[in-house]
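What follows is a set of notes on a single structure, which appears directly below.
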Amino acid sequence: MSKPMKTQALSLYIVEDDAHFRETFIDVMGLRGVEAQGAGSAAEALLELRTFRPSVIVLDVQLPDIHGFELCRRLKRYETLKDVPVILISAATQYNDPRDRVEGALAGAALFLPKPVTMDQLWSEIESLLG
């Protein structure tokens, strides 16, 4: 028996292994009146996103268990998530190459942002994606 899908008017989901960044994001979005949830690993996200359909997914490229590009590809295979915009973020300078941005786009990401990124910058990009 599957759980019913939960949906909000505007909700965000962040997959980020940096607990401080993840919790700050969730707190700041909460102050903006936006429901935000998160996970510290790809495995946790894959489990939770089976029953939660956010408006946008923010996804760190460097996760401890699965590369962010691969996680993005897997999420895009879910019928309920295929149309949810994904924002990839990464602090690694190795992902500054334009080819990595192309690979992110091919994985299904709508946007690729370098860290450090401020909460205001991230919110602005989320608003732009959602129109």
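The values are calculated or read from the model by the stated rules, or taken from the named source; none is laboratory data. Fair warning: this is a prediction, and the values are worked out from it, not measured in the lab. No Cβ is skipped: glycine too gets one built from the backbone with ideal geometry, and neighbour counts run over all protein chains shown.
Values as computed for the structure displayed
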item: Output for region 1-46, where each listed residue is hydrophobic (A, V, I, L, M, F, W, C), more than 24 Å from P116 (Cβ to Cβ) and modelled with pLDDT of 95 or more; result: A43, L46
item: Selected residue (criterion: farthest from E125 (Cα to Cα)) from residues of region 79-99 that are touching a Leu at 6+ places or on another chain (Cβ under 9 Å) and modelled with pLDDT under 90; result: Y95
item: Restricting region 25-57 to residues that are of a type outside the set (S, T, N, Q) and in contact with a Lys or Arg (Cβ under 9 Å, 6 or more places away or on another chain), the residue that is nearest to V84 (Cα to Cα); result: R53
item: In region 20-53, residue surrounded by the fewest Cβ atoms within 10 Å (Cβ to Cβ) [restricted to those that are more than 14 Å from the chain's Cα centre (by Cα) and among the hydrophobic types (A, V, I, L, M, F, W, C)]; result: L31
item: Any hit, region 114-127, residues being assigned to a loop (DSSP other than H, G, I, E, B), in contact with a Cys (Cβ under 9 Å, 6 or more places away or on another chain) and either of a type outside the set (A, V, I, L, M) or in contact (Cβ under 8 Å) with a residue 40 or more places away in the chain (or both); result: no
item: Qualifying residue in region 100-110 (condition: closer than 15 Å to I14 by Cα, surrounded by fewer than 20 Cβ atoms within 10 Å (Cβ to Cβ) and of a type in the set (G, A, S)); result: yes
item: Hits in region 34-70 - residues which are touching a Gly at 6+ places or on another chain (Cβ under 7 Å), of a type outside the set (G, A, S) and closer than 13 Å to R22 by Cα; result: L59, D60
